[in-house]
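Input: a single structure, listed below in structure tokens.
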Amino acid sequence: MKKVSILLFVFIGMLIACQNPDSNSNLDPKKNSEKEPSSVAKAEPQPTPLTPPSERLPELKPEDLDVSQMGLYGRLGNLFKYDNTAISDEDSINIMNVAKYIYLIDIVDKPPMRTFSPKPGERIQEIRRNGEIVRVIYNQSSEDIDRRQRFYIRDGKVVYFVKREWKKTTTPPSATEEFSFYEDGKIVKALGRSGDLEVGAKPTSLSKFNVASLDNQSAAITAKMNARWLEVQDYLNGG
């Protein structure tokens, strides 16, 4: 009877071993290292490759912009005060075409700006898109006079130039502003305003004065703009 019990125990052990042929495989380090990775390991997410940055920014197209989208920039009267003797209907179209470009640069696009001082008392702020200059502000400051010149450039040509001069030490202080608009390198409108300022007032207070037409000075204004722009370009290329 005891012999039968031993044989039965051995038989049951063999049966269990046959049903689980790999039951001891996990105890073998060699076998364990050769096993394929589990389905969980295979399901781990792979890092998403970074999308390369665009080589060029999208082109700015003022002709595709409706003035109704431009807020304060969409009304000529918000740019400066004027009367109908200074600006004709054709003038307003030329001015608003430039205003669209200004709006896209200053409000919509807002590219990064670089600032440097080419000389003591001078400061230049430039903005580029796709390597091309689109806006430059050139400030010159002395004890007596401050000058501020602002250029907007499209396709390498100036489309808008503003020159402001502030005489700080005269009695009373005074300021003048000239605005000139260009198309394909040719001036299409010139405006200006000037006035005496209260002591301590900034030249921005000129905004209360109406602009007058300076079309009869277009040639002189263009010559001054071209001379100043050449000077600024020398600074930009060397700055």
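The values are calculated or read from the model by the stated rules, or taken from the named source; none is laboratory data. Everything numeric here is computed off the predicted structure, so don't read it as measured data. Glycine gets a Cβ as well: all are built from the backbone with ideal geometry, and neighbour counts include every protein chain shown.
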Within segment 214-227, considering residues that are surrounded by fewer than 18 Cβ atoms within 10 Å (Cβ to Cβ) and in contact with a Lys or Arg (Cβ under 9 Å, 6 or more places away or on another chain), the one nearest to Asp83 (Cα to Cα): Asp215
Qualifying residue in segment 49-62 (condition: of a type in the set (S, T, N, Q) and either under 28 Å from Ser205 (Cα atoms) or modelled with pLDDT of 70 or more (or both)): no
Condition broken by Arg164, with the remaining ones in (1) of a type outside the set (A, V, I, L, M, F, W, C); (2) closer than 19 Å to Glu59 by Cα; (3) touching a Pro at 6+ places or on another chain (Cβ under 7 Å) satisfied: (2)
Tally of residues being surrounded by 11 or more Cβ atoms within 10 Å (Cβ to Cβ), modelled with pLDDT under 75 and either hydrophobic (A, V, I, L, M, F, W, C) or over 30 Å from Ser194 (Cα atoms) (or both) across segment 63-73: 3
Count of residues meeting criterion [hydrophobic (A, V, I, L, M, F, W, C), free of Cβ contacts under 8 Å to residues at least 60 places away in the same chain and touching a Ser or Thr at 6+ places or on another chain (Cβ under 9 Å)] in segment 200-220: 2
Search result, residues across segment 123-145 that are more than 27 Å from Glu59 (Cα to Cα), at pLDDT 95 or above and charged (D, E, K, R): Arg123
Tally of residues being without any contact (Cβ under 8 Å) to a residue 40 or more places away in the chain and touching a helix residue (DSSP H, G or I) at 6+ places or on another chain (Cβ under 9 Å) across segment 186-199: 8
Segment 115-130: number of residues that are closer than 14 Å to Gln233 by Cα and not β-branched (Val, Ile, Thr): 7
Qualifying residues in segment 104-160 (those that are among the acidic types (Asp, Glu) and in contact (Cβ under 8 Å) with a residue 40 or more places away in the chain) - the one nearest to Lys202 (Cα to Cα): Asp146
Per-region count, segment 160-188, residues in a strand (DSSP E or B), over 17 Å from Ser213 (Cα atoms) and out of contact with any Gly (no Cβ under 9 Å at 6 or more places or on another chain): 4
Ile145 vs. criteria buried (at least 17 other Cβ atoms within 10 Å of the Cβ), of a type in the set (A, V, I, L, M) and touching a strand residue (DSSP E or B) at 6+ places or on another chain (Cβ under 7 Å): no
Qualifying residues in segment 182-207 (those that are among the aliphatic types (A, V, I, L, M), surrounded by 12 or more Cβ atoms within 10 Å (Cβ to Cβ) and farther than 19 Å from Arg150 by Cβ) - the one modelled with the lowest pLDDT: Ala201
Selection within segment 74-104 - surrounded by 18 or more Cβ atoms within 10 Å (Cβ to Cβ), over 28 Å from the mean Cα position of the chain (by Cα) and part of a helix (DSSP H, G or I): Asp91
Meets criteria (within 26 Å of the chain's Cα centre (by Cα) and surrounded by 17 or more Cβ atoms within 10 Å (Cβ to Cβ)) for Arg128: no
